[in-house]
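Everything below concerns the one structure shown next.
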Amino acid sequence: MNHLVALDFPFHVGVPFHTSIATAPGPFVKPFTTIAIVVFSLVAVLHVLRLIFGWEVVINGLVMPMWVSVVGFIVAGGLAVMVWREARTEKH
């Protein structure tokens with residue numbers, strides 16, 4: 001009962017995944033890379049907002065000190081920048 005159905009669309013469907021730099025036309029970035037950049041950036045922004053507004057974070061009754069957000073911003077922001085730069089250099 002396994003049937004394979006091939007659909008022929010008159011336009012391009014889906015996100016192109018290229019394994020070779022030479023065959024990668026245009027500014028396409030793999031979806032996981034985009035998601036990773038967005039998540040790391042969002043975490044970094046939330047840490048900055050916590051520092052600006054002085055939000056208190058309590059985990060299991062323990063108040064997290066503000067320096068944790070400084071470290072969190074540096075780590076998350078650094079990872080976002082590194083993934084973004086890696087994605088840019090893969091296309092060139």
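A few comments on the model shown:
- Selection of segment 45-92 for residues being in a helix (DSSP H, G or I), more than 15 Å from the chain's Cα centre (by Cα) and aliphatic (A, V, I, L, M) yields Val48, Leu49, Leu51, Ile52, Val68, Val70, Val71, Ile74.
- All positions within segment 40-92 that are of a type in the set (Phe, Trp, Tyr) and over 30 Å from Val29 (Cα atoms): Phe53, Trp55, Trp67
- Taken as a whole, the condition of being surrounded by 10 or more Cβ atoms within 10 Å (Cβ to Cβ), in contact with an Asp or Glu (Cβ under 9 Å, 6 or more places away or on another chain) and modelled with pLDDT of 90 or more applies to Met64.
The values are calculated or read from the model by the stated rules, or taken from the named source; none is laboratory data. All of these numbers come straight from a predicted model, not from anything done at the bench. When we count neighbours, we look across all protein chains shown, and the Cβ atoms used for this are built from the backbone with ideal geometry, even at glycine.
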